[in-house]
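*Asks:* The following block contains the structure, expressed as structure tokens.
The values are calculated or read from the model by the stated rules, or taken from the named source; none is laboratory data. All values derive from a computational prediction rather than experimental measurement. Note that we place each Cβ from the backbone using ideal geometry, even for glycine, and neighbour counts take in every protein chain shown. Protein only, heavy atoms only, side chains kept; ligands, DNA and RNA dropped before computing areas. Shrake-Rupley method; radii C 1.70, N 1.55, O 1.52, S 1.80 Å.
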Amino acid sequence: MATDVQTWSSAQQHDGMFSVDKNLEEDGGPYCDDEELNEAEVNGNWTPQEKALHEARLKAKAKRRLRKSSSRNSTSDSFSESGEVAGSDPHSPKGKVNANDRKSRTGKGRGLPKKGGAGGKGVWGAAGMVYEDEEPDVRDPNYDESAQGDTVYATVVPELDEKELEKTVNPIVQEYFEHGDTKEVQMLLKELNLGPHKYEFSSLAVSLSLEGKASHRELTSRLLSDLSGKVLSQADMARAFDKMLKELPDLILDTPEAPQMLGQFVARAIADHVLPMTFLDRYKGKVDCDHARAALDRAAVLLSMKREIVRLDNVWGVGGGLRPVKHLIKEMNLLLKEYLVSGDISEAEHCLRDLEVPHFHHELVYEAIVMVLESKGDTAIDMMVKLLKAFWKTGLITVDQMNRGFQRVYDELPEINLDVPHAHSIMETFVDLCYQESVITKQLRDACPSRGRKRFVSEGDGGVIKN
């Protein structure tokens, strides 16, 4: 041991590290795990490589001992008054530090949580903290002295251009044609920033209704009446109809009846006070387009006919199921009578579609069969078979409506027979022709009632013919 200490002291003197002699003596000498190096040291046979390696090992061990002694001193300073180590868990084994503790492990600091408990991801401050309004800093480069005290914050809706306006308005109008609630459309328009293109809403709605049904045009007229004075002014409405009159040459390509329809829109709008009463007067002698002139003439004629009526409510008719049943029956009878006179199937189909009552088409089938039973000759039978066949092929009359119409005649045939004695035979002929043309099914044909025949021989009379 004395030899080791002497050798270590000489090596330390060579490197200038005298301050760690005492620590090395207490630890039992230098660290050397190579016996050959120790023997070479004792004998004084050092090679330059062995000497450099030995010195490097000694320096590394001295540094480790220095770090270990400094950590021990800092840990001893962190003891609290109660004798416990700061940051340690009382339930954990003695001398071990809790890994989940957020306090400093080096013993430095006061042992308080970071940022007073207000730190962490997604945390804006300590619990219960109330932020007050801060006075603007005069040194702030964005400081505006003129705006202080009068700042108003509001939601800014970007203004729609023409393309965005059309994309936004079209779905609103199409949905309105389904639900018919003008208040909902008014609420949606107030949420939009239409800007100077506000008048184009009316022109877009009218253009869409021209391509739709009569009920859509009626809904559009009601919508314009409800929006007038609330969302759109008379000036906006007049500007929209001015634009429509200029675009008639383009509209007539898709809707040949656009001039007459637009004239009805103008008349209805003037009657509803949507347009000013002087709207037609401003165009007198100033219209060069024939289509625009036809539209304005149509409006003038309607207004002259309905001068004493406040609203032109029937300018588009009553749409679909809103019509009374008696009125629909009368329209269908008139349709069939005109067909028997003209023989124009396409016109009859157009009139039936305009009624917009697909759920009531069984009434047309019923009225057609009754008209055949009450007619004379075979002409009516052949024409009605052709008409029902055409409606069947185009899908205008469905299977359910066709069967329901025939079944109604079957049920009322005994009563019809009182007025038409040959109703049963005519009905059988008509049903066979319809079956041959594939208008009805075989099951429906077999369901046709046959007239009961009078017996001349009774079963109990023994075959004797009655007088």
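*Asks:* Any residue at all in the stretch 250-270 that's more than 29 Å from residue 356 (Cβ to Cβ), open to solvent by 20 Å² or more (accessible area, probe 1.4 Å) and not assigned by the TED database to the domain that holds residue 351?
*Replies:* Taking the stretch 250-270 first, the residues more than 29 Å from residue 356 (Cβ to Cβ) are none.
Scanning the stretch 250-270 turns up no residue that is more than 29 Å from residue 356 (Cβ to Cβ), open to solvent by 20 Å² or more (accessible area, probe 1.4 Å) and not assigned by the TED database to the domain that holds residue 351.
*Asks:* Something else now. Filtering the stretch 195-244 down to residues that are within 19 Å of residue 171 (Cα to Cα) and among the basic types (Lys, Arg), which residue is least open to solvent (accessible area, probe 1.4 Å)?
*Replies:* 217
*Asks:* I'd like to know if the stretch 234-252 contains one or more residues that are in a loop (DSSP other than H, G, I, E, B), at pLDDT 90 or above and not aromatic (Phe, Trp, Tyr).
*Replies:* Step one: filter the stretch 234-252 for residues in a loop (DSSP other than H, G, I, E, B), giving 247.
From what's left, at pLDDT 90 or above: 247.
Next, only the ones that are not aromatic (Phe, Trp, Tyr) stay: 247.
Yes: one or more hits.
*Asks:* May I ask you to say which residue of 364, 396 is crowded, with 20+ Cβ neighbours inside 10 Å and either aliphatic (A, V, I, L, M) or more than 20 Å from residue 426 (Cα to Cα) (or both)? Don't jump to the end; show me each part of the working.
*Replies:* Working: 396 fails: crowded, with 20+ Cβ neighbours inside 10 Å.
Answer to the selection: 364.
*Asks:* Output the number of residues of the stretch 404-426 satisfying the condition of being open to solvent by 50 Å² or more (accessible area, probe 1.4 Å), in contact (Cβ under 8 Å) with a residue 24 or more places away in the chain and within 54 Å of the chain's Cα centre (by Cα).
*Replies:* Number of matching residues: 3.
*Asks:* Determine, yes or no, whether residue 171 is surrounded by fewer than 16 Cβ atoms within 10 Å (Cβ to Cβ), farther than 23 Å from residue 274 by Cβ and at pLDDT below 85.
*Replies:* Details: surrounded by fewer than 16 Cβ atoms within 10 Å (Cβ to Cβ): yes; farther than 23 Å from residue 274 by Cβ: yes; at pLDDT below 85: no.
Spelling it out, it is not the case that residue 171 is surrounded by fewer than 16 Cβ atoms within 10 Å (Cβ to Cβ), farther than 23 Å from residue 274 by Cβ and at pLDDT below 85.
*Asks:* Return the pair list, or none, for Cβ contacts closer than 7 Å from residues in the stretch 328-342 that are assigned by the TED database to the domain that holds residue 361 to residues that are of a type in the set (Gly, Ala, Ser), at least 6 apart or on different chains.
*Replies:* What qualifies is 335/348; 336/368; 339/348; 340/380.
*Asks:* Related question: Is one or more of the residues making up the stretch 187-201 closer than 27 Å to residue 305 by Cβ and either modelled with pLDDT of 90 or more or not assigned by the TED database to the domain that holds residue 294 (or both)? So that I can check it myself, show each step before the final result.
*Replies:* Narrowing the stretch 187-201 to residues closer than 27 Å to residue 305 by Cβ: none.
No: the stretch 187-201 contains no residue that is closer than 27 Å to residue 305 by Cβ and either modelled with pLDDT of 90 or more or not assigned by the TED database to the domain that holds residue 294 (or both).
*Asks:* Out of (1) open to solvent by less than 10 Å² (accessible area, probe 1.4 Å); (2) without any contact (Cβ under 8 Å) to a residue 24 or more places away in the chain, what's the single condition that is false for residue 179?
*Replies:* Exception for residue 179: condition (1).
*Asks:* Among the residues of the stretch 427-437, which ones are in contact (Cβ under 8 Å) with a residue 40 or more places away in the chain and either open to solvent by less than 10 Å² (accessible area, probe 1.4 Å) or under 46 Å from the mean Cα position of the chain (by Cα) (or both)?
*Replies:* Within the stretch 427-437, 427, 430, 434 meet the criteria.
*Asks:* Now, a different point. For the stretch 174-230, give me each residue that is part of a helix (DSSP H, G or I), more than 20 Å from residue 243 (Cβ to Cβ) and over 24 Å from the mean Cα position of the chain (by Cα).
*Replies:* 214, 215, 218, 222, 226, listed by residue number.
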